[in-house]
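The values are calculated or read from the model by the stated rules, or taken from the named source; none is laboratory data. Because the structure is a prediction, the values reported are computed rather than measured. Note that each Cβ is placed from the backbone with ideal geometry, even for glycine, and that neighbours are counted across all protein chains shown. Quick note on the areas: whole protein, heavy atoms, side chains included, nothing else; ligands and nucleic acids left out. Shrake-Rupley method; radii C 1.70, N 1.55, O 1.52, S 1.80 Å.
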Amino acid sequence: MKRSLVFRLGVVLLLLAPVAIWSAPKATFFWAGYDGLTEDFRAQLESAYNKQAPDAQIQIVPVPWDSLQDKLNTAVAGGAPPDISVVGTRWILDYMATDSVVEVTPYVSKATLANINPAAMEAKVKGKLMGLPVAAGARILALNASITKKVPKTMEELEQFAIQANDPPNHAGFFMPGKEHTELTDFCYFFYAAGGNYFETKADGSYGKCTVNSPAGVKALEFMAKLALQDKVVEDNFTTYQRIPGHPLFYAGKIGYVMIGAWVDSAMKQAGATFPVIYANIPSFAGQKPAGLIITDSMAFFTKGQNLKAAGKFVDFFYQAKWKGKFDQLIGFPPVTLDAAKDKFWNTPLYQALNKAALTARPWPLVDGFDTLNHETWVACEKVFQGQATAQEALDAAAAAVDQARGM
């Protein structure tokens, strides 16, 4: 009898043992340290998800932005990357070159993908979505309403209104940096406004030769030169200003119109600006469809991640309005999800303008050699500003240099 009882207890314990030693798959997420994010929010998100998903857990690992890429590269090189991580969207090409990232769509639900603004899908390479947009910001036009209240519908109107707003030395009509910096934004605003594309697009979605020297490119650069050299509506010594160092001129009330991003409101408050501001879309040239610029960070899935399916379940949870919407509010970027954009938090003139701009905005091309494209286009701009070449000549040289760098 005793032996039978022991035997039966042993069987029960044996049956229970797998339950005792089994643990749910735990995915890891490198969580970028955006300004405004709090540890409380990170912990609440992790706890809330894990409580409702006992079969697919998440560990959210906070990483400062400044060290994120180095930490991620070290993890990838060591063969132990996180399952998912926030990345600068352009990093994805480097990770693709080493087969370190995988396509997003097998792991994220169709409902989540359908809820994301298509304009924010910058990380689409050759038709494959290699990163999910996590933060995105369209660029907009800001007006110092103490100088001008005229909102241009076209670039031609912007020129006209900037001339009217120009009153040197009190203030310039329009801010335009003329010194090379790390972003191609300034030429891009006018290039996209003219209907331009940086590269030919092949049938498979890949990029062919550089087309920065197209009629749209020439029109954009000639227009920039006209504003600065003929109309003289830009800030004095514009070729000495880069984008971010030059924006304080607007905050100080010295500029009528500026093309800028979501940070403008907080930056103005920090600078002590008190003048009223009007926000609007960056206009296109007459006859062209609206086409502004949007810049994104993405979330990538890593090939050697141990629990990609669990990571995908977490992403579906995170991208609900309750969590992704709060995330967006904390970091101050307009939401990439359609349902979060309906929150009354975003019902301000700034965010209304940003959301409207995002509907028709386009990203930069996700392409190898972007640094060369950026540099050579700036060289072309500077040649024209200094009277060393025509826009066509300068952009022909830029396109040739980009194609050579890309082996075309």
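The figures follow:
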item: Hits among lysines - C-alpha to C-alpha of K309 under 28 Å, sequence gap 8 or more where chains match; result: K26, K51, K71, K110, K124, K126, K128, K322, K324, K326
item: Peptide ranges 125-138, 237-250 listed from the most packed, as the mean C-beta count within 10 angstrom indicates; result: 125-138, 237-250
item: Lysine pairs meeting the criterion (Cα under 22 Å, 8 or more apart or interchain), as found in the stretch 176-296; result: 10
item: Aspartates and glutamates whose Cα lies under 17 Å from that of K149, excluding same-chain neighbours fewer than 8 positions away; result: E157, E159, D167
item: Stretch gain in nm, segment K71-A48, where the contour uses 0.36 nm per residue and the Cα spacing is subtracted; result: 5.6 nm
item: D167 paired with K322, simple spin-label distance in nm, labels 7 Å along Cα-to-beta-carbon; result: 5.3 nm
item: Simple spin-label estimate for D371 and D99 in nanometres, 7 Å along Cα-Cβ; result: 2.6 nm
item: Accessible area expressed per residue, the stretch 162-271, with surrounding protein chains retained (probe 1.4 Å, Å²); result: 41 Å²
item: Ratio of Rg to Rh over the chain (Cα coordinates, Kirkwood Rh, two decimals); result: 1.08
item: Highest average packing first - 311-320, 87-96, 275-284, Cβ atoms within 10 Å; result: 311-320, 87-96, 275-284
item: Within the stretch 386-402: backbone nitrogen closer than 15 Å to the E222 label point (7 Å, Cα to C-beta); result: 389-396
item: Karplus-derived 3J(HN,Hα), 6.51/-1.76/1.60, for each residue of the stretch 276-282, Hz, glycine and proline x; result: x, 10, 10, 10, 8, 5, 5
item: Eligible aspartates and glutamates near K342 by straight Cα distance, threshold 13 Å, same-chain separation 8 or greater; result: D328
item: Approximate spin-label separation L229-S109, in nm, with each point projected 7 Å along Cα-to-Cβ; result: 5.7 nm
item: Solvent-accessible surface (1.4 angstrom probe) belonging to T274, in square angstrom, nearest 10; result: 130 Å²
item: Theoretical FRET efficiency, 1/(1+(r/R0)^6), r = Cβ-Cβ of K26 and L359, R0 41 Å, to 0.05; result: 0.60
item: Alpha-carbon centroid distance for the pair the stretch 114-135 / the stretch 246-295, whole angstrom; result: 26 Å
item: Helix-derived mean residue ellipticity, 222 nm - over the chain, DSSP H n ≥ 4, -39500 (n - 2.57), to 500; result: -12500 deg cm²/dmol
item: Protein accessible area in the chain, 1.4 Å probe - carbon and sulfur %; result: 55 percent
item: Order by protection proxy (mean Cβ within 10 Å, highest first), peptides 57-66, 77-86, 367-376; result: 77-86, 367-376, 57-66
